[in-house]
Amino acid sequence: MNLDAIYDPTARATELLPTLRFPLVEWRLYDTLARSPGVLTARTIAQQLGLSVEGMQTILERLSACGLIHLPELGYDEFQARSVEPTGPVVACEAGPANHAAPVEEQRTSVSFTLRKRARAKIPPASNEPRADAPLQLGALLRLVRERAGGGSLGQLAVYRMFLKLPQETLQAAGFEQLDLDTAELEVRDRQLADLLREKASEVLGLSTHELNQLEGGLTSN
Amino acid sequence: MNQHDMHVFLEVGVNFFEKTTGEKATFGNAALQFGKSDLLDYSGVIRVSGSSEGAVCLTVPCAMLDELLRATGESETTERYERDLVGEAASIIASNARKHFGPRFAIAPPETFGIDEALQLSLPFARFVLPIQWRGYRANLILALSESASTAPSPFSSAPCLT
């Protein structure tokens, strides 16, 4: 699969969805594609989800084999009509979770196949940040930090640095005793702690909190 | 200390096994531990000070030390030899770290602890624990650091603080 390509949900995707079961991260990937078809390259989505190149390849292959996504071939008119920005900013549809069930073709009409100028005018400002009331998926945040810091043991050490920045009292109050870096999957519902973890993650990665939230949005907006 | 600096300790730690025995060691799954650490039979501890404070600790079970001694042609596997070997490993880690960091961090001469003496050891709260696997045995390399000098406890204190 080509990571620099823009994959679309297939016409049959809506019909297939109820029959399929995937791990969480694979649904997140599909959901990101379905929310903004024709906009993001696979590589950009992989970065948003904190996935390695190999991990992204595997998931794309699975989704494609199940008939959920495909690489569309366009006529020149369609190409001109699409608002494709392979390396541009992350753009998300306005629709909330209910959009999952919306027919794929309907989404295309409102987002992808509008004339470029009109499409730009209609798309709301980037709002890929996690919902304020959504619990923090700590495992996803840690994967993001690891991947962005270079993966492997360097990535793991970046996670360690993130926790070194947290006050001991905070860690004790949260009841942290041990975190296995390859398997940690925790939900952090304490808003203050979640914000602090995000803040420290952004410090370690040298990103603003806003930039981190943009990257993290794809992970937690489900 | 950023992750690249920290990585120096990991590289030197894992390379010790290959350089000493000719057989590569591998990393296991790393974990963060908070307020407690699984120390094994013998530990070589290196104090670090500078913009990060704390200690780097290589902790090894007796059986692994005995196997290492045999692999290096040593027939004696007494307590003294086991302790000397973990001290030597820690010295190599410390020496390489000094070369890498120069004056940026002060790397103290290592000290060795048996499991019974480890109660004297007080480490900063958040620790990075990386298993090193070699010939089916497992040692742990522990980074126990603190970012701010003002909040870092001394790695050695009279208060028992192992757990």
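The values are calculated or read from the model by the stated rules, or taken from the named source; none is laboratory data. These numbers come from a predicted model, not from an experiment. Neighbour counts are summed over all protein chains in view; Cβ atoms, including those assigned to glycine, are modelled from backbone coordinates with ideal geometry. What goes into the accessible areas is simple: the full protein's heavy atoms, side chains included, and nothing from ligands, DNA or RNA. Shrake-Rupley method; radii C 1.70, N 1.55, O 1.52, S 1.80 Å.
The table below gives the values:
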quantity	calculated
Segment A:Glu54-A:Glu169, length gained on full extension (0.36 nm per residue, minus Cα span)	37.6 nm
Charge tally in the Cβ shell below 11 Å around B:Phe17, where Lys, Arg are +1 and Asp, Glu are -1, B:Phe17 excluded	0
Residues of region A:145-222: accessible area per residue with a 1.4 Å probe, Å²	45 Å²
For the pair A and B, total buried accessible area rounded to nearest 100 Å², probe 1.4 Å	2100 Å²
In Hz, Karplus ³J(HN,Hα) per residue of region A:171-187 (6.51, -1.76, 1.60; θ = phi - 60°; x = Gly, Pro)	5, 5, 4, 7, x, 5, 10, 8, 10, 7, 5, 8, 10, 4, 9, 10, 9
Helical contribution to [θ] at 222 nm, DSSP H n ≥ 4, -39,500 (n - 2.57), averaged over chain B, rounded to 500	-10500 deg cm²/dmol
Phi-based couplings in Hz for region B:106-117 (Karplus 6.51, -1.76, 1.60; Gly and Pro marked x)	8, 10, 6, x, x, 10, 10, 10, x, 4, 6, 8
Cα gyration tensor category, rounded, prolate or oblate, for region B:71-134 with a/c compared to 1.5	oblate
Whole-percent pair-distance distribution, where bins are 5 Å wide, for the alpha carbons of chain B	2, 9, 19, 24, 21, 14, 7, 2, 0, 0
Accessible surface of chain B, 1.4 Å probe, proportion on carbon and sulfur as whole %	48 percent
Chain-alone versus full-assembly comparison, region B:32-56, residues with accessible loss of at least 20 Å² (1.4 Å probe)	B:Leu32, B:Gln33, B:Phe34, B:Lys36
Binned Cα-Cα distance frequencies in region A:153-199 - 10 Å width, integer %	22, 63, 15
